[in-house]
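Trainee: Before anything else, here's the structure in question.
The values are calculated or read from the model by the stated rules, or taken from the named source; none is laboratory data. Being a predicted model, the structure only gives us computed values, none of them experimental. FYI the Cβ positions are ideal-geometry reconstructions off the backbone, even for glycines, and counts take in every protein chain you see. These area figures cover heavy atoms from the full protein model, side chains too; ligands, DNA and RNA do not enter into them. Shrake-Rupley method; radii C 1.70, N 1.55, O 1.52, S 1.80 Å.
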Amino acid sequence: EVAERVFQGNMAFAKKHSKLYGLKFTELTQEEVKKRFKNTENSDLINSLGGIIGDEIIINKDLAKTRVYGDNVGNHELLHGIIKASKANINQETINDFLNIIGEENKAKIQERLDENYTKEYIAENLDEYFTAFSDAIANEEITFNDSVFRKIADVIRRMFADIGLAKVDFESGR
């Protein structure tokens with residue numbers, strides 16, 4: 001089935017690339033997630049498609065296969081891991097710059113996605129969700145990839161990395 005192949009392809013990509021950032025990649029069934037995280041501070045993973053605990057990406061493959069957009073969960077969590085590994089400081093100014101660049105229509109799509117999936121309090125504490133929501137929307141062809149917009153986004157990200165002392169950040173291709 002096509003959906004299964006897409007899901008497995010995305011999982012393989014995320015698993016392969018997670019190693020580059022010192023991240024472990026673990027796919028668990030719903031039952032395995034329940035056993036491992038029940039009565040822990042991470043018990044919210046039981047109802048989530050995935051998450052990052054320490055340096056481990058956890059994918060709830062049973063939920064991910066049954067939810068809309070679940071096929072991209074590996075890449076979504078990998079992007080969180082990359083951002084976390086970079087120790088980039090994402091603040092509201094960074095997000096405001098990003099949202100101004102992507103335009104009103106794309107901004108509305110991202111906000112809708114965030115509102116459907118997260119509380120305002122969660123987003124306030126996890127601003128990187130704006131970037132993962134944008135990435136998901138591109139992967140799901142809700143937002144059309146645009147090279148000039150990407151160049152502007154790359155400049156925002158470059159400034160964010162420069163703030164933490166990484167001056168030589170370059171993007172060969174955003175695809």
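Trainee: Calculate the dipole size of the chain relative to its Cα centre from +1 charges on Lys and Arg beta carbons and -1 charges on Asp and Glu beta carbons; express the result in debye to the nearest 20.
Mentor: 600
Trainee: Please enumerate, by chain and number, the lysines with C-alpha under 19 Å from the C-alpha of K107, excluding those fewer than 8 residues away in the same chain.
Mentor: K120, K152
Trainee: A further question follows. On C-alpha positions alone, give me the angle between the axis of helix 2-18 and the longest principal axis of the chain, in degrees, nearest 10.
Mentor: 70
Trainee: Here's something else I'd like to know. Compute the semi-axes of the equivalent ellipsoid of the chain, taking the square root of 5 times each eigenvalue of the Cα gyration tensor, and list them largest first in whole Å.
Mentor: Sorted largest first and rounded, they come to 26, 18, 17 Å.
Trainee: If you don't mind, another one. Go ahead and estimate [θ] at 222 nm for the chain from helices alone: -39,500 (n - 2.57) per DSSP H run with n ≥ 4, summed, over the residue count, rounded to 500.
Mentor: About -18000 deg cm²/dmol.
Trainee: Also, I was wondering about something else. Of all the accessible heavy-atom surface of the chain, with the other protein chains kept in place and a 1.4 Å probe, what percent is carbon and sulfur?
Mentor: Its accessible area is 48 percent carbon and sulfur atoms.
Trainee: Another question, if that's okay. I'd like the orientation of helix 104-117 relative to the chain: the angle between its Cα long axis and the longest Cα principal axis, in ° from 0 to 90, rounded to 10.
Mentor: Here the helix axis deviates by roughly 20 degrees.
Trainee: Something else now. Relative to the longest principal axis of the chain, what angle (0 to 90°, nearest 10) does the C-alpha long axis of helix 129-139 take?
Mentor: With rounding to tens, the tilt is 80 degrees.
Trainee: While we're here: Taking a probe of 1.4 Å, how large is the accessible area per residue of region 1-135, in Å²?
Mentor: Here the residues of region 1-135 average 57 Å² of exposed surface.
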